[in-house]
1. Identify, from the list B:Asn314, B:Asn346, B:Asn302, the residue that is polar (S, T, N, Q) and touching a strand residue (DSSP E or B) at 6+ places or on another chain (Cβ under 7 Å).
2. Of the numbered conditions (1) more than 26 Å from A:Leu16 (Cβ to Cβ); (2) touching a residue at least 60 places away in the same chain (Cβ under 8 Å); (3) within 13 Å of another protein chain (Cβ to nearest Cβ), A:Pro155 fails exactly one; give the number of that condition.
3. State which residue is most open to solvent (accessible area, probe 1.4 Å) when the search covers only the stretch A:25-71 and only residues that are part of a loop (DSSP other than H, G, I, E, B) and under 13 Å from A:Val94 (Cα atoms).
4. Yes or no: the stretch B:303-319 includes at least one residue that is part of a strand (DSSP E or B), farther than 25 Å from B:Tyr461 by Cβ and within 28 Å of the chain's Cα centre (by Cα).
5. Within the stretch B:82-93, identify whether any single residue is under 30 Å from B:Ala388 (Cβ atoms), among the small types (Gly, Ala, Ser), within 12 Å of chain A (Cβ to nearest Cβ) and not in a helix (DSSP H, G or I), and answer yes or no.
6. Restricting attention to the stretch A:82-103, which residues are open to solvent by 20 Å² or more (accessible area, probe 1.4 Å) and not hydrophobic (A, V, I, L, M, F, W, C)?
7. Among the residues of the stretch B:213-229, is any over 30 Å from B:Lys283 (Cβ atoms) and touching a strand residue (DSSP E or B) at 6+ places or on another chain (Cβ under 8 Å)?
8. Can A:Leu358 be described as part of a helix (DSSP H, G or I), crowded, with 21+ Cβ neighbours inside 10 Å, at pLDDT 95 or above and within 13 Å of chain B (Cβ to nearest Cβ)?
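The values are calculated or read from the model by the stated rules, or taken from the named source; none is laboratory data. Quantities reported herein were computed from a predicted structural model and do not represent experimental measurements. Virtual Cβ from ideal backbone geometry, glycine too; neighbours counted across all protein chains shown. Ligands, DNA and RNA are stripped out before the accessible areas are found, and what is left, the full protein with its side chains, is counted by its heavy atoms. Shrake-Rupley method; radii C 1.70, N 1.55, O 1.52, S 1.80 Å.
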2 protein chains.
Amino acid sequence: MPLPKTTTPPPRIQILEVTPQVDCGRFPVKRIVGDRVDVHARIFRDGHDVLGAAVRYRPPGASRWLELPLEPLPNDHWTGVFVVDRPGVWTFRVEAWTDRVASYREELRRKVEAGQDDLAGELSEGAALLGRETLTVEEALAAPAGDRHATASSPNYCVDVDRELARFGAWYELFPRSWGGFEGVRTLLPRFAELGFDVLYFPPVHPIGRTNRKGRNNALAAKPSDPGSPWAIGSDEGGHEAVDPELGTVAEFERLVAEAREHGIEIAIDFAIQCSPDHPWLKEHPEWFYRRPDGTLKYAENPPKRYQDIYSVNFDCEDWKGLWAALRDIVLLWVERGVTVFRVDNPHTKPVPFWEWLIAEVRHDHPDVVFLAEAFTRPAMMTTLAKAGFTQSYTYFTWKNTRWELLEFMGQLLDWSQYYRPNAFVNTPDILHEYLQRGGPAAFEVRLVLAATLSPSYGIYSGFEHFENVPVREGSEEYLDSEKYELKRRALDGPLLPLVAKLNHARREIPALQRLDDVTFLETENEQLFGFLKRDRGSDVVVVVNLDPVAAQRGVCIVPVSTGLPPAYRVRDLLTDQEWTWRIGRNFVELPPGKSHVLEVLR
Amino acid sequence: MPLPKTTTPPPRIQILEVTPQVDCGRFPVKRIVGDRVDVHARIFRDGHDVLGAAVRYRPPGASRWLELPLEPLPNDHWTGVFVVDRPGVWTFRVEAWTDRVASYREELRRKVEAGQDDLAGELSEGAALLGRETLTVEEALAAPAGDRHATASSPNYCVDVDRELARFGAWYELFPRSWGGFEGVRTLLPRFAELGFDVLYFPPVHPIGRTNRKGRNNALAAKPSDPGSPWAIGSDEGGHEAVDPELGTVAEFERLVAEAREHGIEIAIDFAIQCSPDHPWLKEHPEWFYRRPDGTLKYAENPPKRYQDIYSVNFDCEDWKGLWAALRDIVLLWVERGVTVFRVDNPHTKPVPFWEWLIAEVRHDHPDVVFLAEAFTRPAMMTTLAKAGFTQSYTYFTWKNTRWELLEFMGQLLDWSQYYRPNAFVNTPDILHEYLQRGGPAAFEVRLVLAATLSPSYGIYSGFEHFENVPVREGSEEYLDSEKYELKRRALDGPLLPLVAKLNHARREIPALQRLDDVTFLETENEQLFGFLKRDRGSDVVVVVNLDPVAAQRGVCIVPVSTGLPPAYRVRDLLTDQEWTWRIGRNFVELPPGKSHVLEVLR
């Protein structure tokens, strides 16, 4: 092992255990504009010298590095904080150095205190260090510290900063064709705003293929009147760049997007990388698709499932760079049309490196753009897509219905919270859970309250507020007469909407409901009662949900002393406006089937 | 963000969470010759293709990589193992690939099972993949898997492999001058071997300086007859390369080393990087030392402590490379003289990068050399020295005497076990703990049994077996009339030696006593009774120690069902040869002051 090539020795200062970081710095940690980044490191060197340390950080696009000091804690721990005040990718590193002046002063002080008087050598040393002719003990002890010698540095780490909607928002999914197209939706914007929704998410709005179009209830053969699945993208009328004439024009879409923004609502569209047999790309870019040696194109399939109405692109094709660029251009086109939120269809069936590139590419110039991953897949891929750049992800929430399932689910989300942000949809066009099929309206209330209070981002797909609960067949999670394959007549009049509005407004008023990681689960002594406390920025909310949609349940809600709440305090139920006095310790709780307490602690 | 420069797309396969690794691969993990390296990784890609994976590993100095398969577990976990069969630095990485043949077969199988019959396209695809003219369904389903396509690779990680002594050994520290020098020690080798010691460790054997020599009990002025501290290295008779004429000649030393090896004993010497004022280097290499502007040399000090009899070298000097090389040459010189174990004095006051280089440099050609770090410092530096290459380290053991201190201490060692190996000395020339000062012979027994059974490597410094327990003054951990500053007349006749021999022989017979990480702590319902179970390679040992050196203690030792031991089993006490029947659950225990059970489970 040869000697180091450097002329000066390698740095003696060790900088280890730098946090926050994800996978050794391979991926950025995620934050929201205004968040603190609490930086920690283990910093030390041989000997007894006095060290100094700082975090150096660089905002997105900035050329200059900013610096804030790190403060020492026991056992060589150092800590400091900086605040991220705009979206984009921030960079930080830890630096540490030897403060020769402080070290010299400290050594001298200890000698003086020990009554040592032969300090001539020490003073000549100090004079040289301070660049002076002569030096008295008093002058030496008063010398200003702050010298930086032999500075060592950690690697750079990244912080990916998003705007507030990345963490906190109420989503509503609707098929525009069931609401009178873009214009129909536009007339309802004031009402959606009243209900407190932040995002309206549309399935693909593009022309729908005719070849192999699916009929009602996923029938292989469509009737002439069947509209087909919007996920079969592309027809003679255009591909991913076009809009389905049935919905309106691009101009009407842009008007809808603009007007929605005036109501504080964003329109999210679906980014689904697949093509119907009639998509222009099949003619223009046959090289982008899987073709068998016999010349036949391969439609999408997951045997025995077959999707004859769509073709997948081939990310391993020769012209993969052309394909990547074309897909990016599609996203950028819709960004130009005002879209700032994309729901991405099945990202786990496309290459992770593609997403890492695409999202960085788009956010470089448009850091406000939000990407929601529809990643219903195993944890490793689901979390890696989040690390690779997805702003939010769908979750396993719909399948977590018992107290223990919910605790395990939330524990997982908390483990992932440095990089993964959940969006808890209570249902989707593909997922009508058995709990909803069997539990009736009470079950819908339970799931709505859980989603809206546990997860800062949540969503419902239209029909939920009408308690729609009939599956296409026993044991299936698909809806009967699914809106994916037929036209519905929708109206914004579901009996659950008043509760939705109450929850959405409470979520906006109360900071504790806007974060995931401020939760403490509470003992209820009843498996059917799920209780937790959320607290943030001076607000405290206690939620107790009766998971049983059939029977009333009694129990307690135990608020531990460790919460720091007063021995007794007033609470107001945000759902009923009733007030009670609660206490540290055991609070009696009795809830009708599927009912909940959402209790704001009054101050 | 530009498109990747590569002509092929970036690997779609993700390889994450590779273990074992230390600090993201910055440092190697440690193993012993014959150990398994259990490799784990999270491996997955988008889509439904069948993956294959392997661990590729390279022995020290080898040019060819070897390979063993990884087996898939649920949730994208993959695991495999390789065995390290020789000392030195091994390298490994994880590779994974898409098996196109297996993927094709699996897709075809699912289609056939689903009764799909239009398989012409699939078969043409398979023919092309398998490079054949035609293909039948039967042939396709029987195609041999094992194709490797688009292989992805993890970074390389290192495994530093040592010989057995690195983990397991019984050490005895002695000042040769108190035993008749090298020849005196040589005559005692058969006795040391009988006692079951593996290593005899000598403080520095070099000529001792005369200038500012310390007198008895660390007196500033030495009498002419005082021998001085062996850590004040160097005189007219030579420096680190020489031996103190009082101890014998280099030839006698070499003879001692060789003869010791015949008895299965290794001689460890002290590597102390410091020089007495009379060390030849001060004249030959004044540039290697701290010199004040006024020309005075700086002796070692840690104010108010002053070590006027030694000078530290200046690792920041201009000629640091010359200094590094000279220190390496000293170590290599003693390796040539047969020394294979070095105890390193105060490594935490020298630069970590120097140690990382020196140890790698020496072990590159001499992978059997063992370095023991005398790192009595804070955890961050102590563990970093281990990561940087020290084979073993002294520990906080001497200061951990209560049940809770011991549990916390062991917990820390287990956390560090991938890179840090403890050597639990019960005392040193610098450390006579208050527990020994006050506890009398019973306390010495307690500490001996704990060290020998908890830690695979342990040591005692001569005098311990005589129950020497008088401090230089109240509140000090220094010995009165410390051997560091005066000549003693030592003999191998301490009353504790029979117990030492019993323990050393038990340690050699029973694999469970040769590892650290096979320990389970047992409930005793008495704070004074410390109980644990160790098990390895079919051997089980239950140890219960009465930590109270003054009073007998009663309690139980609860052996949990989870140990998998039979409901009832015979145990033999290795200290008394008594036998009992023990059971799963509560076993009554009563022990006199400081006494212990060391119970071998009989099979």
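1. B:Asn314
2. Answer for A:Pro155: the failing condition is (1).
3. Restricting to residues being part of a loop (DSSP other than H, G, I, E, B) and under 13 Å from A:Val94 (Cα atoms), the top hit is A:Trp65.
4. yes
5. no
6. Across the stretch A:82-103, the qualifying residues are A:Asp85, A:Arg86, A:Pro87, A:Arg93, A:Glu95, A:Arg100.
7. no
8. Considered against the rule, which asks whether it is part of a helix (DSSP H, G or I), crowded, with 21+ Cβ neighbours inside 10 Å, at pLDDT 95 or above and within 13 Å of chain B (Cβ to nearest Cβ), A:Leu358 comes out as yes.
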